[in-house]
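Reading through the structure tokens given below for one structure.
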Amino acid sequence: MAHLIERARRIEGIDVVCIATSDQPSDDPVAEFAQSMDVHVYRGSLSDVLDRYYQAALEIQADTIMRVTCDCPFIDPEVCAGVLQLYHRQETELVTNVNPPIWPHGLDCEVFGMEKLAEAQSEATEPYDREHVTPFIKKRYQSRIVNFDGPGGDNTGLRWTVDYPEDLEHARAVYAVWQEKQDTGEPGWRELAEIVRSHPELRSINEKHMLPMRREIWERDMGA
């Protein structure tokens, strides 16, 4: 979470970083840690994440929302800023960098307006749509979704998200290599890709969790 918060703060055009976590006692450490980093914290429903996002956005009076998740400690501020800038340039409902997924998994972000979030909050009834926040918007406005172009190719098979113990092991190993090379600063996606490609043993740590699972998630979000 610390890596994510620090990277989110460096995204050009972002005004407020908000951690939207559940109101369950099990998430007390999450809220306490976020508060220790001086970010806004909203606590809401554990299962209805869509309502949690909506209420958090109301509380901070947001008109544009960028959604990133805490399982992505390697988000790239430059990539996220590109998604945000594209949203402001286009007359569209949602801009993402995973439609289709052509960036390394773990750089994921999406931007949408408060009006569409409120619409989803009011009308979405499927449990999957309530749990994952944006599938309702994506399915209703498929033709109005714009994708931020990415590198494609072998990059789509790189996995930097943290969902499994092997992912955490991979993230720690990648940072260890970076810290050996650099005294300061954080690696961007290009530096991370170079590290993984030059150390194939790192890629093998969480290889079993890579594609096609990610494409299956994308297809489900789009109602395919």
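The values are calculated or read from the model by the stated rules, or taken from the named source; none is laboratory data. Bear in mind that the values here come from a model prediction, so they are computed numbers and not experimental data. Cβ placement follows ideal geometry from the backbone for every residue including glycine, while neighbour counts extend to all protein chains displayed. Please note that ligands, DNA and RNA were not included when accessible areas were found on the heavy atoms of the full protein model with its side chains. Shrake-Rupley method; radii C 1.70, N 1.55, O 1.52, S 1.80 Å.
Give the residue, chosen from Val95, Val68, that is in contact with a strand residue (DSSP E or B) (Cβ under 9 Å, 6 or more places away or on another chain), under 20 Å from Leu168 (Cα atoms) and modelled with pLDDT of 95 or more.
So the residue among Val95, Val68 that is in contact with a strand residue (DSSP E or B) (Cβ under 9 Å, 6 or more places away or on another chain), under 20 Å from Leu168 (Cα atoms) and modelled with pLDDT of 95 or more is Val68.
Of all residues in the range 113-138, which are within 24 Å of Pro100 (Cβ to Cβ) and open to solvent by 80 Å² or more (accessible area, probe 1.4 Å)?
Across the range 113-138, the qualifying residues are Glu126, Glu131.
Checking the condition open to solvent by 40 Å² or more (accessible area, probe 1.4 Å), hydrophobic (A, V, I, L, M, F, W, C) and at pLDDT 95 or above, which residue from Leu46, Leu50 passes?
Unique residue meeting the criteria: Leu46.
Which of the residues belonging to the range 195-210 are in a helix (DSSP H, G or I) and surrounded by fewer than 13 Cβ atoms within 10 Å (Cβ to Cβ)?
Once the filter is applied, which keeps residues that are in a helix (DSSP H, G or I) and surrounded by fewer than 13 Cβ atoms within 10 Å (Cβ to Cβ), the range 195-210 yields Ser198, Pro200, Glu201, Lys208.
Every residue in the range 15-36 that is surrounded by 16 or more Cβ atoms within 10 Å (Cβ to Cβ) and closer than 22 Å to Cys80 by Cα, please.
Val17, Cys18, Ile19, Ala20, Thr21, Ala34
I'd like to verify a number: residues in the range 63-93 that are touching a Lys or Arg at 6+ places or on another chain (Cβ under 6 Å) and without any contact (Cβ under 8 Å) to a residue 60 or more places away in the chain, how many?
The first filter runs over the range 63-93 and keeps only residues touching a Lys or Arg at 6+ places or on another chain (Cβ under 6 Å), leaving 75, 77, 92-93.
The next check asks that each one be without any contact (Cβ under 8 Å) to a residue 60 or more places away in the chain; those that pass are 92-93.
Number of matching residues: 2.
Among all residue pairs at least 6 apart or on different chains, which show Cβ distances below 9 Å where the first residue, located in the range 168-197, is of a type in the set (Ser, Thr, Tyr) and the second is open to solvent by 40 Å² or more (accessible area, probe 1.4 Å) and assigned to a helix (DSSP H, G or I)?
Tyr175/His3
Take the range 68-85 and flag every residue that is open to solvent by 20 Å² or more (accessible area, probe 1.4 Å) and part of a helix (DSSP H, G or I).
Passing the criteria: Glu78, Gln85.
Checking Ile65 against (1) closer than 14 Å to Val111 by Cα; (2) of a type in the set (A, V, I, L, M); (3) surrounded by fewer than 20 Cβ atoms within 10 Å (Cβ to Cβ), which test does it fail?
Exception for Ile65: condition (3).
For the range 147-163, enumerate the residues that are surrounded by 14 or more Cβ atoms within 10 Å (Cβ to Cβ) and either among the basic types (Lys, Arg) or modelled with pLDDT of 85 or more (or both).
Asn147, Phe148, Gly150, Pro151, Asn155, Leu158, Arg159, Trp160, Thr161, Val162, Asp163
Which residue is least open to solvent (accessible area, probe 1.4 Å), if the candidates are limited to the range 164-185 and must be of a type in the set (Ser, Thr, Tyr) and within 14 Å of Pro73 (Cα to Cα)?
If we take residues in the range 164-185 being of a type in the set (Ser, Thr, Tyr) and within 14 Å of Pro73 (Cα to Cα), then Tyr175 is least open to solvent (accessible area, probe 1.4 Å).
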